[in-house]
Amino acid sequence: MIIVLIGYMGSGKSTIGKELATALEYSFLDLDDYISDKEKGSIAEIFKTKGEIYFRRKETEYLNEVLNSSENIVLALGGGTPCYGKNMDLIINNTNVTSFYLKLSIPLLSKRLFTEREKRPLISHLNSETELLEFIGKHLFERNQYYSKSQFTLNTDHKMKQEILED
Ligand code: SKM
């Protein structure tokens, strides 16, 4: 069984994913880290040297690889993974996969992401929290149509890690 965690950058997919994997005795895999390992460079470097289109192609390729695994895995996707090509259809049509959307409010995402935006190529150019807030609002509006195809949605605002895991 593969548990797929979906959501915007900063929504806690990796943090929650690691805890969930430990609790279930599953392996944990972060798709961004998997891509970095395979491509031998950070996500920021891949975007910079090879471009986003290359990154998205590799993201789909490695997603397919992981989704075909017969292991028990908690998989944290990249924030954009469900929104490109047929990625979301691959996820929801795979009978071995259960998908969860970790949904957070825009102000909370913005607060979390502002200090760590350098390593996130899509938001690293934004200079104020107001700009970031506006960007996330528009971006989420486009992305929600993909995220919300997940089998389950967890509203994780104001929740402690333990409560999210219990949900
Ligand atoms: O996959 C990385 C990359 O920085 C792109 C991204 C996105 O499109 O939201 C999120 C990150 O997890």
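Taken together, the values in this text are just the output of simple stated rules run on the coordinates, not laboratory data. Remember, predicted model here, so these are calculated numbers, not experimental data. Note that we place each Cβ from the backbone using ideal geometry, even for glycine, and neighbour counts take in every protein chain shown.
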The chain, helix-only ellipticity at 222 nm - DSSP H runs n ≥ 4, -39,500 (n - 2.57), divided by all residues, nearest 500: -15000 deg cm²/dmol
Region 1-93, dipole about Cα centre (Lys/Arg Cβ +1, Asp/Glu Cβ -1), debye to the nearest 20: 320
Longest DSSP-loop-exposure-free segment, GluC sites (Glu not before Pro), the chain, at most 11 other Cβ within 10 Å: 72-167
Positive-end extreme of charge dipole, the chain - chosen from Cys83, Asn93, Leu126 (charges on Cβ): Leu126
Under the Karplus curve 6.51 cos²θ - 1.76 cosθ + 1.60, θ = phi - 60°, whole-Hz ³J(HN,Hα) for region 115-121, x wherever Gly or Pro sits: 6, 10, 6, 4, 7, 10, x
Value of relative contact order over the chain, rounded to a whole percent, pairs C-alpha under 8 Å and six or more apart: 34
Likely footprinting exposure, Lys18, Lys40, fewest C-beta neighbours within 10 Å first: Lys40, Lys18
Over 18 Å between alpha carbons, listed pairs Lys48/Lys86; Lys103/Lys149; Lys38/Lys86; Lys13/Lys103: Lys48/Lys86; Lys38/Lys86
Dipole magnitude of region 1-156, debye to nearest 20 (Cβ charges: Lys/Arg +1, Asp/Glu -1, about Cα centre): 320
For the chain: rounded, prolate or oblate by the Cα gyration tensor [a/c cutoff 1.5]: oblate
